[in-house]
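Engineer: Just passing along the structure, written as structure tokens.
The values are calculated or read from the model by the stated rules, or taken from the named source; none is laboratory data. Just so you know, these numbers come straight off a predicted model, no measurement behind them. Methodologically, a virtual Cβ is constructed for each residue, glycine included, from the backbone with ideal geometry; neighbour enumeration extends over all protein chains shown.
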Amino acid sequence: MLLTETCKFKLEPTREQKALLKELFEAYKCMVKECLDKAVEANITSRKRLHEIAYRELRAKFPHYPSHYIYTAITQALAMFKSYRRLVRKRANVSLPRVKDLNAVLLDDTHLFWFCWGSLKLASHSGNITIPFKAEHSSKFIDWQVKSSRLVKRGDVFFLHVTFRKTVEEREAEGVLGVDINEKSIDLVTVKPDKVRFIKIDISEAKYIRDRYFKKRRNIQTKTSGWTKARLLAKYSGRERRRINNVLHKASKIIARIAAEENVKPVMENLSYIRERIRYGKKMNRRLHSLPFRKIQSYILYKAMEKGFKPEIVDAKNTSRLCPICGELSKPNGHIFKCRKCNFQADRHLVAAWNIAAKLPMCRPLPLAAKALNEAIAKGERIVIKSQLSDNSQIN
Ligand SMILES: [Zn+2]
């Protein structure tokens, strides 16, 4: 399994290096602009053709710059032109991308930079320069491969965005981990031949944050206008997103840890079924549609893969309606599942997690008697996630 992650480092150039970087950005913009103009004029999307038309001229114009900047400028220009063409196909009135706003320089990983922990050696029009940066919080990437990267300019500050890559060996699992994602909880069951363990991860904090910010946004919408309204909405939506992400990151980290500890393969449901199985009426729908199911899944997916377990996605039809004991379909009623045939009764979300785990054909959980299942559910653990970022001080 291939893991890819981008890490951002703030560069600490000397005064002279800063001046050089500024010159580099200006020259690079010129290169991209000329390539883009030529691509547009002749309607070129082929790298080879654009290279034939643009390279020689640019080489003559920028003789002191390493030639690979022209190569990546061609890549950049083509990417801009292609995304412009895609937009044009979708709607009218699309203006050409403005190179003036470009704030990044693409670096290829073999000719333009050499990455060391704490310093960047960069090829420039004035020879190779070594720019220091702080490499803290990035120790996990020590044994990763450095792939292509970007220099990014924000105002007067320069950053290096490095793409790291690592191959992770998939581990052989002893069982499965059923994951059922809900509005207030993520419900888990680990199923191994000799052991069943139910865990409810309480993420109601995310719902609480969402409800509070929903009210907040509604107030802003009715009580303010114009620039103030736009500024406040942007501020609060950013804050809301950070808080919710914080909760979701913590929850998915715990799930990946459980997968690793228990040595089980996560199983999640295909998300296209989620909306189908939820019909609560308008008010509920508004909330559910804003629940970032996809985000939760992608966090779990990534963090589990880091630990060597690639989650399986299954078609989750009927997972909240199926009786795990007798197989009868019953309508869920509130948060309790009750079978109309055999009277088995349990937390609806834990039942769904069990049914999701049972969907994996290669690793079906052993059928358990109602008594054993009830005992496992009764012993179920509960983990409550709290947002680290304080709430009260800033919300009003
Ligand atoms: Zn039943």
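Engineer: Do you know which residues across the stretch 1-18 are outside any strand (DSSP E or B) and of a type in the set (Ser, Thr, Tyr)?
Structural biologist: Thr14
Engineer: Still on this structure, I have one more. Which one of the conditions (1) touching a His at 6+ places or on another chain (Cβ under 6 Å); (2) outside the structural domain of Val351 (by TED's automatic domain parsing); (3) under 19 Å from Lys253 (Cβ atoms) does Arg150 fail to meet, given that it meets all the rest?
Structural biologist: (3)
Engineer: I'd like the full set of residues that are away from the ligand (no atom under 14 Å from the Cβ) and assigned to a loop (DSSP other than H, G, I, E, B), limited to the stretch 348-374.
Structural biologist: Answer for the stretch 348-374, where residues must be away from the ligand (no atom under 14 Å from the Cβ) and assigned to a loop (DSSP other than H, G, I, E, B): Lys359, Leu360, Arg364, Pro365, Leu366.
Engineer: So, in the stretch 99-122, of the ones that are in contact with a His (Cβ under 7 Å, 6 or more places away or on another chain) and of a type outside the set (D, E, K, R), which residue ends up farthest from Pro13 (Cα to Cα)?
Structural biologist: Applying the filter and picking the extreme gives His111.
Engineer: If the Cβ limit is 6 Å and pairs must be 6+ apart or interchain, which residue in the stretch 336-349 that is over 18 Å from Lys200 (Cβ atoms) pairs with which residue that is near the ligand (Cβ under 7 Å from one of its atoms)?
Structural biologist: Once the first residue is over 18 Å from Lys200 (Cβ atoms) and sits in the stretch 336-349, its partners that are near the ligand (Cβ under 7 Å from one of its atoms) give Cys339/Cys323; Cys339/Glu328; Lys341/Cys326; Lys341/Glu328; Cys342/Ile325; Cys342/Cys326; Phe344/Cys323; Phe344/Ile325.
Engineer: Looking only at strands (runs of 3 or more DSSP E) that lie completely in the stretch 146-246, which have at least 2 residues being hydrophobic (A, V, I, L, M, F, W, C) and farther than 23 Å from Ala316 by Cβ?
Structural biologist: It comes to 157-167.
Engineer: Which of the numbered conditions does Thr224 fail, given that it passes all the others? Conditions: (1) crowded, with 17+ Cβ neighbours inside 10 Å; (2) away from the ligand (no atom under 16 Å from the Cβ); (3) at pLDDT below 90.
Structural biologist: Thr224 satisfies all of (1) crowded, with 17+ Cβ neighbours inside 10 Å; (2) away from the ligand (no atom under 16 Å from the Cβ); (3) at pLDDT below 90 except (1).
Engineer: Show me the strands (runs of 3 or more DSSP E) found entirely inside the stretch 65-135 where at least 1 residues are among the hydroxyl-bearing types (Ser, Thr, Tyr), in the same structural domain as Glu16 (by TED's automatic domain parsing) and closer than 21 Å to Ala19 by Cα.
Structural biologist: Correct list: 119-124, 127-132.
Engineer: Check the stretch 335-347 and report whether any residue there is within 18 Å of Lys184 (Cβ to Cβ), within 12 Å of the ligand (Cβ to nearest atom) and not acidic (Asp, Glu).
Structural biologist: Yes, that holds for at least one residue.
Engineer: Another one. Can you tell me which of (1) at pLDDT 90 or above; (2) touching a helix residue (DSSP H, G or I) at 6+ places or on another chain (Cβ under 6 Å); (3) of a type in the set (A, V, I, L, M) is the one Leu329 doesn't meet?
Structural biologist: Here Leu329 meets the rest and fails (2).
Engineer: Run Val384 past the list (1) farther than 19 Å from Leu177 by Cβ; (2) away from the ligand (no atom under 14 Å from the Cβ); (3) surrounded by 12 or more Cβ atoms within 10 Å (Cβ to Cβ) and report the number of the one that doesn't hold.
Structural biologist: (3)
Engineer: Here is a follow-up. Criterion first (under 25 Å from Tyr299 (Cα atoms), assigned by TED's automatic domain parsing to the domain that holds Arg239 and away from the ligand (no atom under 15 Å from the Cβ)) does Ala378 satisfy it?
Structural biologist: Judged against the criteria, Ala378 is not a match.
Engineer: Yes or no: Ser95 surrounded by fewer than 12 Cβ atoms within 10 Å (Cβ to Cβ) and among the polar types (S, T, N, Q)?
Structural biologist: So Ser95 fits the description; yes.
Engineer: Could I ask something else about it? When the residues of the stretch 319-334 are filtered to those that are within 13 Å of the ligand (Cβ to nearest atom) and closer than 19 Å to Met268 by Cα, which remaining residue is surrounded by the fewest Cβ atoms within 10 Å (Cβ to Cβ)?
Structural biologist: Here the residue is Arg321.
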